[in-house]
Amino acid sequence: MTDSTSPARPVATAIRYLSIIVCCACLLLTALCVAIACQVFIQTGVFAQSYAMVGLISGVLGLLALKLGSVWK
C-alpha cells in the first residue's frame, strides 16, 4: 500500500546506510581497543580494563546498529 515515491522511502534507505556505517566504525573501534589492550597486556602484564570495556561497549553498539540496519523497513 505504500507508494514508491513517498518521502519515507529515502529516509529509510538513509537510516539503513547510516546504521551500516556506524556499525563498521564501532566494530573498527572494537578491533583497535582489543589490539591495544592485548599489546598493553603483553608488554606490561597488566590487564588494560579501560580499553577492554570501551571495546566491549563499542562492539555491542556496532552489533545493535547492524541489527537496526537489517530490520529497518
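Mind checking which of 13, 44, 30 has the largest fluctuation in a GNM of the chain, springs on alpha carbons under 10 Å?
So, out of 13, 44, 30, the one fluctuating most is 44.
What angle, in degrees between 0 and 90 and rounded to the nearest 10, separates the Cα long axis of helix 8-44 from the longest principal axis of the Cα atoms of the chain?
0
Starting from 0 in steps of 10 Å, tell me what percent of the Cα-Cα pairs of the chain lands in each bin.
Computed distribution, short to long bins: 21, 33, 21, 14, 7, 3, 0.
Only the coordinates and a few stated rules stand behind these numbers; no lab work does. None of these values were measured; they are calculated from a predicted model.
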